[in-house]
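The values are calculated or read from the model by the stated rules, or taken from the named source; none is laboratory data. The model shown is predicted, which means the values in this text are computed figures rather than measured ones. All Cβ positions, even for glycine, are placed from backbone atoms using ideal geometry, and neighbour counts span all protein chains on display.
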Amino acid sequence: MLKNLEKLLRWSTGLMAAVALFTIMWLTLIDVTGRKFFDHSLPGGLEITEILMVIVIFGALPLVSFGGEHVVFDSLDHLIPGWLKSIQNRAIEAVNALTFGGLAWLMSQRAERFAEYGDTTVYLQFSIAPVAWLMAALLALTALVHLLFVFMPPPDREDATAGAAT
């Protein structure tokens, strides 16, 4: 089941984040080329880049959570007995699920407000509400990933803490 979930996350949120990052790369190339050779930047380029960065960051969150690739402070882990580590990990997953769920709820409230007020970007006049709704949905998905790991052990991870802050 977890392999299928990982595959689904990679082909949905992972692909979405990758395409957004690739688009940012080309957008930046076009914008810099326009400034350098034509003395004119891409109209609305900054706004589009900001929206795409939201997609990159929030789209990657469920995958980062699924892979256990968060920054970890593990200096005291050698002092914790093995039986307690399982409880500790489940408690951490529960706190993460509650935190991301709370953030999703707050972002959905913000999205409703954006929609109600008709907030748009300054230059291109894109509605901000759909972007906020996407953020809320991806935060909720991240919360569900953490909630899953409260009840089910995460997949075998190659040392996810390698290179983490210690």
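Being at pLDDT below 95 and either assigned to a helix (DSSP H, G or I) or of a type in the set (A, V, I, L, M, F, W, C) (or both) narrows it down to one of Ala165, Ala132, Ala140, so name that one. Even if it seems obvious, please write down each step before you answer.
Numbers: Ala132 fails: at pLDDT below 95; Ala140 fails: at pLDDT below 95.
Selected residue: Ala165, the only one of Ala165, Ala132, Ala140 that is at pLDDT below 95 and either assigned to a helix (DSSP H, G or I) or of a type in the set (A, V, I, L, M, F, W, C) (or both).
Quick one: which of Thr142, Thr120 is of a type outside the set (Lys, Arg), free of Cβ contacts under 8 Å to residues at least 12 places away in the same chain and surrounded by 14 or more Cβ atoms within 10 Å (Cβ to Cβ)? Lay out the reasoning, then the answer.
Details: Thr142 fails: free of Cβ contacts under 8 Å to residues at least 12 places away in the same chain.
Checking each option against the conditions leaves just Thr120.
Would you please name the residue that is surrounded by the fewest Cβ atoms within 10 Å (Cβ to Cβ), looking only at residues in the stretch 81-90 that are part of a helix (DSSP H, G or I) and out of contact with any helix residue (DSSP H, G or I) (no Cβ under 7 Å at 6 or more places or on another chain)? Let's see the steps before the verdict.
Applying the first criterion (part of a helix (DSSP H, G or I)) to the stretch 81-90 yields 82-90.
Filter once more, keeping what is out of contact with any helix residue (DSSP H, G or I) (no Cβ under 7 Å at 6 or more places or on another chain): 82-89.
Working: Gly82: 6, Trp83: 8, Leu84: 10, Lys85: 11, Ser86: 10, Ile87: 10, Gln88: 12, Asn89: 15.
Among residues in the stretch 81-90 that are part of a helix (DSSP H, G or I) and out of contact with any helix residue (DSSP H, G or I) (no Cβ under 7 Å at 6 or more places or on another chain), the one surrounded by the fewest Cβ atoms within 10 Å (Cβ to Cβ) is Gly82.
Quick check on the stretch 91-100. Is at least one of its residues free of Cβ contacts under 8 Å to residues at least 60 places away in the same chain, small (Gly, Ala, Ser), crowded, with 17+ Cβ neighbours inside 10 Å and in a helix (DSSP H, G or I)? The answer is yes; a qualifying residue exists.
Within the span defined as the stretch 73-81, one or more residues are in contact (Cβ under 8 Å) with a residue 24 or more places away in the chain, over 17 Å from Leu148 (Cβ atoms) and either touching a Leu at 6+ places or on another chain (Cβ under 6 Å) or hydrophobic (A, V, I, L, M, F, W, C) (or both).
Please tell me if Asn4 is out of contact with any helix residue (DSSP H, G or I) (no Cβ under 7 Å at 6 or more places or on another chain), assigned to a helix (DSSP H, G or I) and either surrounded by 15 or more Cβ atoms within 10 Å (Cβ to Cβ) or among the basic types (Lys, Arg) (or both).
Working: out of contact with any helix residue (DSSP H, G or I) (no Cβ under 7 Å at 6 or more places or on another chain): yes; assigned to a helix (DSSP H, G or I): yes; either surrounded by 15 or more Cβ atoms within 10 Å (Cβ to Cβ) or among the basic types (Lys, Arg) (or both): no.
It is false that Asn4 is out of contact with any helix residue (DSSP H, G or I) (no Cβ under 7 Å at 6 or more places or on another chain), assigned to a helix (DSSP H, G or I) and either surrounded by 15 or more Cβ atoms within 10 Å (Cβ to Cβ) or among the basic types (Lys, Arg) (or both).
Residues in the stretch 82-119 that are within 18 Å of the chain's Cα centre (by Cα) and among the hydroxyl-bearing types (Ser, Thr, Tyr): Thr99, Ser108.
Close contacts from the stretch 18-45, counting a first residue that is surrounded by 14 or more Cβ atoms within 10 Å (Cβ to Cβ) and a second that is of a type in the set (D, E, K, R) and not in a loop (DSSP other than H, G, I, E, B), with Cβ to Cβ under 7 Å and a gap of 6+ residues or different chains, come to Ser41/Asp31; Ser41/Arg35; Leu42/Asp31; Gly45/Asp31. Going by what's in this entry, would Pro62 be described as touching a Ser or Thr at 6+ places or on another chain (Cβ under 6 Å) and over 30 Å from Tyr123 (Cβ atoms)? So Pro62 passes the test. For Val64, indicate whether it is of a type in the set (A, V, I, L, M, F, W, C), within 25 Å of Ala18 (Cα to Cα) and at pLDDT below 90. Judged against the criteria, Val64 is not a match.
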